[in-house]
Amino acid sequence: MHPQPNLIDALDTLSPETLIAWDKTYVWHPFTPMKQYLASEPVIIRRGQGVKLEDIHGNWYYDGTSSIWLNVHGHNVPELNAALEAQLRRIAHATMLGQANVPAVALAKRLIEVAPPGLQRVFYSDSGATAVEIALKMAIQFWANQGWRSKRYILGFTNNYHGDTLGAVGVAPDPLFHWPFLDLLPGHPRAPYPYPHDRLAESLEAVEHVLRTRHHELAALIVEPVEGAGGILPAPAGFLRALRTLCDRYQVLLIIDEVATGFGRTGRLFACEAEGISPDLLCLGKGLTGGYLPLAATLTTERVFEAFLGEVEERKTFFHGHSYTGNPLGCAVALASLELLLQRLPSLPAKVERLRAHLAPLSEHPFVAELRQAGFMVGIEIVADRARRTPFPYGAQVGFIVARHARRRGMLVRPIGSVLIFMPPLAATEAELEEMTTILKAAFEDALPELERLAQNLQPNV
Ligand SMILES: *Cc1c(COP(=O)(O)O)cnc(C)c1O
């Protein structure tokens, strides 16, 4: 008997027109103005190979966003496929509530071996936002379990991004995106992030002021080592170390959100290694599985963990979990990805410098205010007037103008507001990085006439 063609192979026979019609009829896309999307020619990906993606028309594109900051080793990686397939033959999922599974146990041990010293326990979840929710709740309950009910606020930083669940939004509200929800948020205090870097002292003073006056009601401080979604703004050297010292002085836990920066993205395994410090809670996601499956983790210390030990009726338990917590497929592929990344790490600094050299000419572009790079994270800020740093209006969507030209030339990139974000997979070779930056530079050139027209229309209001 001939095997039936399987359901997924059968999808290859669907025409582009059918897939586009289904997409526009049935799907609601994340972070996407759908009115405009429905009027657009969508990209629907059919397969990936290395650092490239193929759409349903057979066009190949460089993955210039690492599929939104996740991808580490490229697509369709033999080692990761093999790990996934091997695990699939054993079991796809079994709950972690009150029991364990083999890959989740092995990955926890491996993560702790490579994580900043002092971290000792791994709590799994399924996205960066949930890794952050868990860190926030753990921090608050850590104090509550010891009788400190007042320590329930979290100090965050302006323009940091921690995910889209309400708890994560609560520590990083953005009036532009979160306006319907602002009234529902707990009103956590915030301090200015030290960017530009000459604001370091001002930022630390603000942090210390909040800590000094409110430490009795602060459970933790949460910070991104590089503002990712805030536009790729790296913190200055010494910032994380200073936060570590201040948090210790005022008895507040330090949460570092490395969902974006973790797993080699800044050129090191974790960004906080550069400062030689360890947080009390470390949030990981995105690159954890190399960009294969939704898996996240919150790492913490034995000190935090021990505060949750007690008799059942004391209710010190962390009553938090997700249906897919510690998913074995995700953990298996994460194990394989981590080993591959450890082999790859020594090659990263040279690539980061090549990338810097290739990108440098972009800082001369008449509408580029600043070119920012932290390892494989690049933000190119587009402004109407370089000298005065006048921004284009939000509605002009200038980042999307450049992204559209890049797409036509064979690379997918995605802006955040007026910042074009370029985030190549770590596996990109030096030759591929050069090709990708060549496309990016050409896209900025292509966009010049449109940007000039938009800037001219702005003049009367300036
Ligand atoms: C992407 C991101 C998150 C949220 O992760 P999701 O998997 O999208 O929920 C949290 N923090 C940072 C720093 C991120 O970049």
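The values are calculated or read from the model by the stated rules, or taken from the named source; none is laboratory data. This is a predicted model, so every value here is computed, not measured. When we count neighbours, we look across all protein chains shown, and the Cβ atoms used for this are built from the backbone with ideal geometry, even at glycine. Accessible surface areas use protein heavy atoms only, side chains included; no ligands, DNA or RNA. Shrake-Rupley method; radii C 1.70, N 1.55, O 1.52, S 1.80 Å.
The figures follow:
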item: Residues that are open to solvent by less than 10 Å² (accessible area, probe 1.4 Å) and more than 19 Å from the chain's Cα centre (by Cα), drawn from the stretch 366-382; result: VAL368, ILE382
item: Helices (runs of 4 or more DSSP H) completely within the stretch 1-49 that count 2 or more residues being among the aromatic types (Phe, Trp, Tyr); result: 16-26
item: Neighbours by Cβ (under 6 Å, 6+ apart or cross-chain): first from the stretch 157-186, among the polar types (S, T, N, Q); second part of a loop (DSSP other than H, G, I, E, B); result: THR158/PRO192; THR158/TYR193; ASN159/TYR193; ASN159/GLY230; ASN160/ALA172; ASN160/GLU224
item: Among (1) on the phi > 0 side of the Ramachandran plot; (2) touching a Pro at 6+ places or on another chain (Cβ under 8 Å); (3) open to solvent by 50 Å² or more (accessible area, probe 1.4 Å), the one test that ARG90 misses; result: (1)
item: Residue in the stretch 314-331 that is within 14 Å of the ligand (Cβ to nearest atom) and under 15 Å from the mean Cα position of the chain (by Cα) present; result: no
item: Hits in the stretch 185-239 (condition: open to solvent by less than 10 Å² (accessible area, probe 1.4 Å) and either at positive phi or part of a helix (DSSP H, G or I) (or both)); result: SER203, VAL207, LEU211, GLY231, ILE232, PHE239
item: Filter pass, SER40 being small (Gly, Ala, Ser) and within 16 Å of the ligand (Cβ to nearest atom); result: no
item: Hits in the stretch 383-399 - residues which are under 23 Å from ILE439 (Cβ atoms) and either buried (at least 19 other Cβ atoms within 10 Å of the Cβ) or in contact with an Asp or Glu (Cβ under 8 Å, 6 or more places away or on another chain) (or both); result: VAL383, PHE392, ALA396, VAL398, GLY399
item: Residues of the stretch 57-81 satisfying the condition of being open to solvent by 20 Å² or more (accessible area, probe 1.4 Å), in a loop (DSSP other than H, G, I, E, B) and farther than 19 Å from ALA443 by Cβ; result: HIS57, GLY58, LEU70, ASN76
item: Residue within the stretch 296-304 that is crowded, with 23+ Cβ neighbours inside 10 Å, within 30 Å of LEU84 (Cβ to Cβ) and more than 16 Å from the ligand (Cβ to nearest atom) present; result: yes
item: Residue in the stretch 160-177 that is over 15 Å from VAL304 (Cβ atoms), at pLDDT below 95, within 16 Å of the ligand (Cβ to nearest atom) and open to solvent by 10 Å² or more (accessible area, probe 1.4 Å) present; result: yes
item: Candidate set: the stretch 138-159, residues that are under 20 Å from the mean Cα position of the chain (by Cα) and open to solvent by 10 Å² or more (accessible area, probe 1.4 Å); chosen: the one farthest from the ligand (Cβ to nearest atom); result: THR158
item: Pairs where the first residue, in the stretch 56-82, is in the same structural domain as MET436 (by TED's automatic domain parsing) and in contact (Cβ under 8 Å) with a residue 60 or more places away in the chain and the second is within 16 Å of the ligand (Cβ to nearest atom) and assigned to a strand (DSSP E or B), C-beta under 7 Å, 6+ apart; result: GLY64/PHE422; THR65/ARG414; THR65/ILE421
